Amino acid sequence: MPSAADMPRPPVIVIRDLRVAYTSQGAVLPIVDIPEWALPEGSLVVLEGPSGSGKSTFLNVLGGLLPPTSGQVTVCGVDLGTLDEAGRDRWRADHVGIIFQGLNLLQGFTALENVMLGMTFSHVTGSWKDATALLGEVGLAQRVHHRPSDLSLGEQQRVAIARALVKRPRLILADEPTGSLDPRNATDISILLRRVCADHGCSLVMVCHQPEIAAHFPQRIAFTTLNRVSPSGVAP
Amino acid sequence: MNLLRIVLTSLRQHLFSSGLAAMSIALGVALLLAVTSLREQAHRQFTQVGLGVDAVLGPKGSPLQIALNALYHLEEMPGRIAWTYYQAVKANPMVADGFAFITGHSYAGYRVNAVESRFLTDFEYLPGHRFSVAAADGGSGRLFSGKDEAVAGAEVARALGLQLGQTFNPTCGVTAGDPVHVNDHIAFVGILAPTGTPHDRAIYIPLESFYTLEGHGASVAAMVKDLDHREISGAYLKLQRIRGDAYNPGVTELQYDINQSTKAQLVMPAEVMPRLFLIIGWVDQVLWAVGMMVALLAAAFLAFALVATLRERRRDLALLRALGARRRTIFGLVLAQALAISLAGAVIGWLLGHLLTGIGCHFVKAETGMSFTTWYWSSADFGLLPAALVLGTLAGLWPAIQAYRLGLLATLKPQS
C-alpha cells in the first residue's frame, strides 16, 4: 500500500488553453499561450526565461491581478474565469501571497503593521503575536517596529515574505523577489523563501532571472517550454 | 489591522498636508461659527430681551435713535418731552409703571444718565432682576440719596478702576471736546452689581441733579421745582399685559394717540430694533460670504492636498489592491481620509469659533455693556459639523474616484 508521501498530490494550479494578449493600436499582441500545465500542491518551482517572455504576465494571471484573454485558469481549486474583479480580489486576499521585486512595503507602516496588512482584507484571522512570530521566523525579531525606510532592501523583502505567509496561503507567487538585491542577500532570501514555504506547506512559483539563484530550487522550469509565444512576440 | 488604522496611519504619514487642510477647514468653520453666534446673540439681545423696557416715551424723531439712546447708551436723544406729558401718559391705565430719565451727559466716555431714584430700586431690567449694590451680588456701596452722588455700572467701575468716594466732573455732552461741569463734583457712592446689560456701562445720578448742574441755564435750573415746565429726555415704560406676554389691546390705542400728538412718541423696542438688523444686515452678509469663501477654499485645498498625496501613495494603494483590497475599499479609504481631515477641521474649528466668539464677547461687552456668552449654542453649532463633513466628502470624491480608477499593474509595473 503506497504511503501518503507517495500519493499523487492534487494540483494547486491547473491551466488549460490559457491565452493572454494585449491590444495596441488595433493590433493584437500575444503574450502568453499555454495549452496545458498543472502544478502539484506543495511544489517549489522557479520559472526561468528571458525578459519579455511573459513570465510576469503569467504570474499576474495566476494571482488574479490580470484576467486571461481566454482559457481556463484554476488556482487553489477556484476557476478564476468565474470571478469578477471584486471576486478575484477577495479570492487573492484569502488564498495567495504575492511578493514583488521591490518597494513591497507601505512606507508609513512599521514592519509589523506591514505584515498585519497581509490579513486585513482576507477572512483569515490572526493576531499581532502571530505576525511578530513570523517576523522572528524571517530573522527580523529585532526590527518589528522599524519602518521600511529604516530597513535594508533585503530586510524589506523578508518583511514581504512574512506578509505573504501571514494569511497561511496555499500559494505564494514571487516576481523576481531577489532582483534588486546583492548576490549574497539574493541567495539568502531565495533560500529563506524556499524554506518557509516548505515549512508552512504552501506552494511557491517564483520568477527569476538569476541562474545562480534558480540553482537552489529543486524544480526549475524554462518558461519557454510552457509558453508557445516566443519572447519576440511570435505566436505559433 | 482595521481600515481605520490604515486611514490614521496614512494621515500621520502625510501629517503636514493633512494638518494644513484640516486647519484651513477649521478657519472657515471658526469664522462662520463666530459670526453666526455673535449675530444670533446680538439679534436676541437687541430684539427679544428688550432690557426690561416695553416702550420708550421719547421726543419726536427717529424711533431707532431713541431706542439706541435710551436702551443702549448710543446716539443722542433728538429732543425733550414735558414732564407733565410723561405724568399724563404714566397715568394711563395701559401703563403699568414709568421711569423718567435724562441723557446727554458723560464721563470718560461713559454716559451719565439722570434717573428717578426709584429706577434703581423698582425697575426690573430682566424679569425678577433689579439693580443691586449688595456685595453678595457683586456690587458695593449704596444707592445715591443726595444731589452730588452717583452710582456706576459694573463695567464702568471695572474699566475706570473706580473707588467709592471718588468724585468726577460730568461732561455736558457725549463727544470729545464738550464742556465739562468743572464746579460740579459728584461722588461715586455705589457700584451696581453686574447685570449683563448696557446698564453696566452707564453712570446714574439723581434726576434732580441734572437741573442743578452749574452751567445749565436758569430756566433749566428752575425745572427742579417747576414741574409744569420741567423737561426730560424720555421715560422707560412698563405696559399692561394680558395672558402672559401679550400686550393689552388698549396699548395699541395708547401708542396711536401718543404718536398722533406733536408732544412725544411711543417707541416699542421690539418693533424698532429689528430695523437695525435690516440696516446693518449687509455687514452680516459680507462676513458670512467671507466665511463661506474660506470654507469653500478650504474644501478645494483639501481636494488638492488629497490629490497631491495620492500621487505619492499610488504604489501604496496598488499594493493594498495586490493584498486583496477591492476598488471600493480603496475608494472608501481615500474618502475616509477626507472625512477624517474634515472632522478634525470641524472640531478644531468649533473650538476656535467659540474662542473667537469669546473674544467678540469681550469687545461687545466693552462697547455696549451687553453680556454675550462664549458657549452660546447657535444654529451654526448644529449645522456646521454636518456641513463640514458633507463638504469634506465632496472634496474627497474626486481623489477617491481617481484612487478607484488606479491601474494596479500599471502602478506596480512588473518586469520580466
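The values are calculated or read from the model by the stated rules, or taken from the named source; none is laboratory data. From a predicted model like this one, the values you see are computed outputs, not experimental measurements. Cβ coordinates were reconstructed from backbone atoms using ideal geometry, including for glycine residues, and neighbour counts include every protein chain displayed. For accessibility, only protein heavy atoms count, side chains too; no ligands or nucleic acids. Shrake-Rupley method; radii C 1.70, N 1.55, O 1.52, S 1.80 Å.
Using the beta-carbon distance between B:Leu351 and B:Thr167 and R0 = 45 Å, what value does 1/(1 + (r/R0)^6) give for FRET efficiency, to the nearest 0.05?
Details: r = 46 Å, r/R0 = 1.02.
Plugging the Cβ-Cβ distance into 1/(1 + (r/R0)^6) gives 0.45.
Rounded to the nearest 20 debye, the dipole magnitude of segment A:7-226 is 300 debye, with +1 charges on Lys and Arg beta carbons, -1 on Asp and Glu beta carbons, and the Cα centre as origin. Among A:Arg92, A:Arg220, A:Arg184, the largest mean-square fluctuation in a Gaussian network model of chain A, built with springs joining Cα atoms closer than 10 Å, belongs to A:Arg184. Net charge of the neighbourhood of B:Phe331, taken over other residues with C-beta under 14 Å away and scored Lys/Arg +1, Asp/Glu -1, is +4.
Placing +1 on each Lys and Arg Cβ and -1 on each Asp and Glu Cβ, with no other charges, gives segment B:1-109 a dipole about its Cα centre of roughly 380 debye.
Using a Gaussian network model of chain B in which every pair of alpha carbons under 10 angstrom is joined by a spring, one finds that among B:Ile232, B:Ile186, B:Ile242 the greatest mean-square fluctuation is at B:Ile242. Note on A:169-175: average number of Cβ atoms from other chains within 10 Å of each residue's Cβ is 1.
For chain B, the membrane-span-like helix rule (DSSP H, alpha carbon extent of at least 24 Å along the helix axis, mean Kyte-Doolittle at least -1.0) picks out B:15-44, B:281-322, B:327-368, B:379-404; this says nothing about an actual membrane. Roughly how many Å² of B:Asp97 are accessible to a 1.4 Å probe, to the nearest 10? In the full protein context, B:Asp97 sits at about 40 Å². Charge tally for B:Val89 (other residues, Cβ to Cβ under 15 Å; Lys, Arg +1; Asp, Glu -1): 0. Relative to one another, the C-alpha centroids of segment B:142-163 and segment B:184-239 are positioned 13 Å apart. By its C-alpha gyration tensor, with a ≥ b ≥ c as the square roots of the eigenvalues, how is segment A:7-226 shaped: rounded for a/c under 1.5, else prolate for a/b larger than b/c, else oblate? Prolate. Across segment A:7-226, the mean sequence separation of Cα contacts (distance under 8 Å, 6 or more residues apart), normalised by length, yields a relative contact order of 27 percent.
For segment A:1-137, what % of the accessible area comes from carbon and sulfur atoms, probe 1.4 Å? It would help to have the intermediate numbers written out before the result.
Numbers: 3270 of 5680 Å².
Roughly 58 percent of what the probe reaches on segment A:1-137 is carbon or sulfur.
Could you work out how much longer the chain between B:His185 and B:Trp375 gets when fully extended? Use 0.36 nm per residue separation minus the Cα distance between them, nm to one decimal. Walk me through the numbers on the way to the answer.
Working: separation 190, 0.36 × 190 = 68.40 nm, distance 4.21 nm.
That pair, B:His185 and B:Trp375, stretches by 64.2 nm at full extension.
Using a probe of 1.4 Å, the accessible surface attributed to B:Phe363 totals some 120 Å² when neighbouring protein chains are kept in position. Which whole-angstrom value gives the distance between the alpha carbon centres of segment B:263-287 and segment B:359-416? That distance is 34 Å. Candidates A:Ser56, B:Ile203, B:Leu213 compared by Cα position along the dipole of the protein assembly as shown: farthest toward the positive end lies A:Ser56, with charges placed on Cβ. With the highest mean first, a sort of the peptides B:148-156, A:222-230 on other beta-carbon atoms found within 10 angstrom per residue produces B:148-156, A:222-230.
Stretched out fully, how many nm does the piece from A:Arg195 to A:Gln72 gain, at 0.36 nm a residue minus the Cα gap? Write down the numbers at each step before the final one.
Values: separation 123, 0.36 × 123 = 44.28 nm, distance 3.06 nm.
Fully extending the segment from A:Arg195 to A:Gln72 adds 41.2 nm.
Taking the centroid of alpha carbons for each part, segment A:22-87 and segment A:138-168 are 28 Å apart.
Evaluate E = 1/(1 + (r/R0)^6) for B:Arg311 and B:Asn2, where r is the Cβ-Cβ distance and R0 equals 22 Å; express this FRET efficiency to the nearest 0.05.
On the way: r = 26 Å, r/R0 = 1.17.
The pair B:Arg311/B:Asn2 has a calculated efficiency of 0.30.
Note on B:Arg243 and B:Glu75: the model spin-label points, each 7 Å out from Cα along the C-beta direction, lie 3.2 nm apart.
Placing unit charges on each Cβ (+1 for Lys and Arg, -1 for Asp and Glu) gives the protein assembly as shown a dipole about its Cα centre, and among A:Gly108, A:Val45, A:Val159 the Cα reaching farthest toward its positive end belongs to A:Val45. Placing unit charges on the Cβ atoms of the charged side chains and taking the dipole of chain B about its Cα centre, the candidate lying farthest along the positive direction among B:His229, B:Ala42, B:Leu8 is B:Leu8. Helix A:153-166 axis versus longest C-alpha principal axis of chain A: approximately 80°, rounded to the nearest ten. Dipole magnitude for segment B:44-188: about 120 debye, using +1 per Lys or Arg Cβ and -1 per Asp or Glu Cβ, origin at the Cα centre. Annotation for B:Val290 and B:Glu124: the two label points, set 7 Å from Cα along the Cα-Cβ direction, are 4.1 nm apart.
A Gaussian network model of chain B, with springs between Cα atoms under 10 Å, assigns the largest mean-square fluctuation among B:Ile258, B:Ile279, B:Ile81 to B:Ile279. Under the criterion of Cα pairs below 8 Å and six or more residues apart, the relative contact order for chain B equals 28 percent. Within a straight-line Cα-Cα reach of under 19 Å, A:Lys167 can be paired with the following lysines, leaving aside sequence neighbours fewer than 8 residues apart in one chain: A:Lys129.
Taking all protein chains into account, the per residue accessible area for segment B:55-267 stands at 42 Å² (1.4 Å probe).
Quote the total accessible area buried by chains B and A together, excluding ligands, DNA and RNA, probe 1.4 Å, nearest 100 Å². So the total buried area for this chain pair works out to about 2800 Å².
Using a 10 Å cut-off around each Cβ of peptide A:82-93, what is the average number of partner chain Cβ atoms that fall inside? Let's see the in-between values first.
Numbers: counts 0, 0, 0, 4, 4, 1, 2, 10, 3, 1, 5, 6.
Per residue, the number of nearby Cβ atoms from other chains is 3 on average.
The count of lysine pairs in chain B with alpha-carbon distances below 30 Å, taking only pairs 8 or more places apart or on different chains, stands at 18.
Pop the C-beta distance of B:His216 and B:His43 into the FRET formula with R0 = 35 Å and round what comes out to the nearest 0.05.
Details: r = 39 Å, r/R0 = 1.11.
My answer for the efficiency is 0.35.
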